[in-house]
Amino acid sequence: MEEEEIPKYLEKEELTLFLNTAKKQGLELDYLMFLILSYTGIRVGELVVLKWKDIDFATQTISITKTYYNPKNNTLEYQLVTPKTRKSRRRIIVDEEVLNTLNEHKNAQNQVIKRLSTDYYNKDFIFSKMERQYGYPIVIKTLQNRMARLLRIADLNPELTPHSLRHTHTSLLAEARVSFEQIMDRLGHTDDQITKNVYLHVTQEMKKEASQKFTELMRSLS
């Protein structure tokens, strides 16, 4: 396999550093947005149009039913479109940390809605603008800029993008020995060569490690 076929992603220690940086030095919503991208592997377009009705706190799931279309990056001209494939519509089980952070944000957002009343464009978006055009979904370009800022602060690879967190999620699931089929299901893929390459790269490294451990064990016995 050619090295260039493997996209850039964060190792688990780097992801921890990145999320800690987002938590301590991030702008409003940074930690929650990047936490969800890292812990679910959802696409950025799926993230920015998440609504509160998509979150089921009782079953600890997030439903992916739509994606964002806004080629001109104009906040007011966004469109909600159906995901590319039937497989892209999915329900993802999420971590307690994600749900707790979502809950904190919900309480803070409710205060803003209450204060602004009719000046708030209330269409149930989780990641809505909190200044000017209140309530409209955040544009994808904002996430890209926010991530670039955090990568600089954390001194991590500046070439990484929000989409790299999808590959990061894939690599960590592979490292946790989750099957390829389960990963594809979680990511909403029917077939994706890049995901396959990340998975094979990580599992290949694990196989090498297993071989080395076996060799070390045998040497220790001789």
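The values are calculated or read from the model by the stated rules, or taken from the named source; none is laboratory data. What you are looking at is a predicted structure, and each value in this text was computed from that prediction instead of being measured. Here the Cβ positions follow ideal geometry from the backbone for every residue, glycine too, while neighbour counts run over all protein chains shown.
Given (1) farther than 19 Å from Leu27 by Cα; (2) touching a strand residue (DSSP E or B) at 6+ places or on another chain (Cβ under 8 Å), where does Ile138 come up short, assuming only one miss?
Exception for Ile138: condition (1).
Inspect the stretch 43-52 for any residue being over 20 Å from Thr161 (Cβ atoms), surrounded by fewer than 22 Cβ atoms within 10 Å (Cβ to Cβ) and touching a helix residue (DSSP H, G or I) at 6+ places or on another chain (Cβ under 9 Å) and give the result as yes or no. Lay out the reasoning, then the answer.
Let us first name the residues in the stretch 43-52 that are over 20 Å from Thr161 (Cβ atoms), namely 51-52.
From what is left, the residues that are surrounded by fewer than 22 Cβ atoms within 10 Å (Cβ to Cβ) are 51-52.
Now restrict to residues that are touching a helix residue (DSSP H, G or I) at 6+ places or on another chain (Cβ under 9 Å): 52.
Yes, that holds for at least one residue.
Take the stretch 168-222 and flag every residue that is of a type in the set (Ser, Thr, Tyr) and over 20 Å from Ile36 (Cβ atoms).
Looking only at the stretch 168-222, we keep the residues that are of a type in the set (Ser, Thr, Tyr), and these are 168, 170-171, 179, 190, 195, 199, 203, 211, 215, 220, 222.
Listed by number, the residues that qualify are Ser179, Thr190, Tyr199, Thr203, Ser211, Thr215, Ser220, Ser222.
With the condition kept exactly as written, say whether any residue in the stretch 86-99 is loosely packed, with under 12 Cβ neighbours inside 10 Å, closer than 17 Å to Leu32 by Cβ and either out of contact with any strand residue (DSSP E or B) (no Cβ under 9 Å at 6 or more places or on another chain) or modelled with pLDDT of 95 or more (or both).
Yes: one or more hits.
Could you list all residues from the stretch 84-111 that are under 21 Å from His169 (Cα atoms), of a type in the set (A, V, I, L, M, F, W, C) and outside any loop (DSSP other than H, G, I, E, B)?
Result: Ile92, Ile93, Val98, Leu99, Leu102.
With the stretch 112-222 as the region, which helices (runs of 4 or more DSSP H) entirely inside it contain at least 3 residues that are touching a Lys or Arg at 6+ places or on another chain (Cβ under 9 Å) and crowded, with 19+ Cβ neighbours inside 10 Å?
Working: elements: 140-154, 164-175, 180-187, 193-221.
Counting at least 3 such residues, we get 164-175.
Each row is one residue, and each column tells you yes or no for (1) over 28 Å from Pro71 (Cβ atoms); (2) in contact (Cβ under 8 Å) with a residue 12 or more places away in the chain; (3) out of contact with any His (no Cβ under 9 Å at 6 or more places or on another chain).
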{"residue": "Ile140", "(1), (2), (3)": "no, yes, yes"}
{"residue": "Asn145", "(1), (2), (3)": "no, no, yes"}
{"residue": "Asn157", "(1), (2), (3)": "no, yes, yes"}
{"residue": "Thr161", "(1), (2), (3)": "no, yes, yes"}
{"residue": "Arg166", "(1), (2), (3)": "no, yes, yes"}
{"residue": "Thr170", "(1), (2), (3)": "no, yes, yes"}
{"residue": "Asp191", "(1), (2), (3)": "no, no, yes"}
{"residue": "Phe214", "(1), (2), (3)": "yes, no, yes"}
{"residue": "Leu221", "(1), (2), (3)": "yes, no, yes"}
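Which one of these is among the basic types (Lys, Arg), under 23 Å from Arg149 (Cα atoms), surrounded by 14 or more Cβ atoms within 10 Å (Cβ to Cβ) and out of contact with any Pro (no Cβ under 6 Å at 6 or more places or on another chain): Lys66, Lys23? Working first, answer last.
On the way: Lys66 fails: under 23 Å from Arg149 (Cα atoms).
It is Lys23.
Only one of these conditions is not met by Glu77: (1) more than 30 Å from Thr203 (Cβ to Cβ); (2) touching a residue at least 40 places away in the same chain (Cβ under 8 Å). Which number is it?
With respect to (1) more than 30 Å from Thr203 (Cβ to Cβ); (2) touching a residue at least 40 places away in the same chain (Cβ under 8 Å), Glu77 is out only on (2).
Looking at this structure, is Leu35 touching a helix residue (DSSP H, G or I) at 6+ places or on another chain (Cβ under 8 Å) and surrounded by 13 or more Cβ atoms within 10 Å (Cβ to Cβ)? Before the answer, list the steps.
Values: touching a helix residue (DSSP H, G or I) at 6+ places or on another chain (Cβ under 8 Å): yes; surrounded by 13 or more Cβ atoms within 10 Å (Cβ to Cβ): yes.
Answer is yes for this residue.
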